[in-house]
Amino acid sequence: VQLQAFGGGLVQPGGSLRLSCAGTGPRFSIMAWYRQAPGKQRELVADVTWNGVTNYADSVKGRFTISRDNTKNTVYLQMNSLKPDDTAVYYCNGRVLGVNAWGQGTLVTVSS
């Protein structure tokens, strides 16, 4: 089981980025994005069930959108109106039965 994330980079405040994460192996029941800022604990950003039910951290509601393509075992995170506080390494996560898989992380830097 493997997850690989793409799409991080440097963006100005107010800008947008789209992260994607493709998984191999079983179809995940839940796919999620977490992030970890320097000196802080890893936190849940958003997750989505296999049938499209979503959940967001309060800090990103209305700005970020999580979605998934079950045919490709891929999860996306569209991030709009980015703020410097969104700067972090973003990790994708997939869970099914006894499997809890993590991607390698992709750095998002929001700075002018």
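The values are calculated or read from the model by the stated rules, or taken from the named source; none is laboratory data. Small disclaimer: the values here were computed from a predicted structure and weren't measured. All Cβ positions, glycine included, derive from the backbone under ideal geometry; neighbour counts span all protein chains shown. Ligands, DNA and RNA are stripped out before the accessible areas are found, and what is left, the full protein with its side chains, is counted by its heavy atoms. Shrake-Rupley method; radii C 1.70, N 1.55, O 1.52, S 1.80 Å.
Mind checking which strands (runs of 3 or more DSSP E) fall wholly inside the chain and carry at least 2 residues that are among the small types (Gly, Ala, Ser) and in contact with a Gly (Cβ under 9 Å, 6 or more places away or on another chain)?
Details: elements: 2-6, 9-11, 17-24, 30-36, 43-49, 54-56, 64-69, 74-79, 88-96, 99-102, 106-110.
Per the criteria, 17-24.
When Leu44 is tested against (1) touching a residue at least 24 places away in the same chain (Cβ under 8 Å); (2) touching a Lys or Arg at 6+ places or on another chain (Cβ under 9 Å), exactly one condition is not met: (1). When Phe64, Phe28 are screened for being aromatic (Phe, Trp, Tyr) and over 19 Å from Asn100 (Cα atoms), only Phe64 passes. On inspection, Thr106 fails the criterion of being under 26 Å from Pro26 (Cβ atoms) and either more than 13 Å from the chain's Cα centre (by Cα) or open to solvent by 40 Å² or more (accessible area, probe 1.4 Å) (or both). Is it the case that region 34-43 has a residue that's at positive phi and either in contact with a helix residue (DSSP H, G or I) (Cβ under 6 Å, 6 or more places away or on another chain) or surrounded by 13 or more Cβ atoms within 10 Å (Cβ to Cβ) (or both)? No, region 34-43 contains no residue that is at positive phi and either in contact with a helix residue (DSSP H, G or I) (Cβ under 6 Å, 6 or more places away or on another chain) or surrounded by 13 or more Cβ atoms within 10 Å (Cβ to Cβ) (or both).
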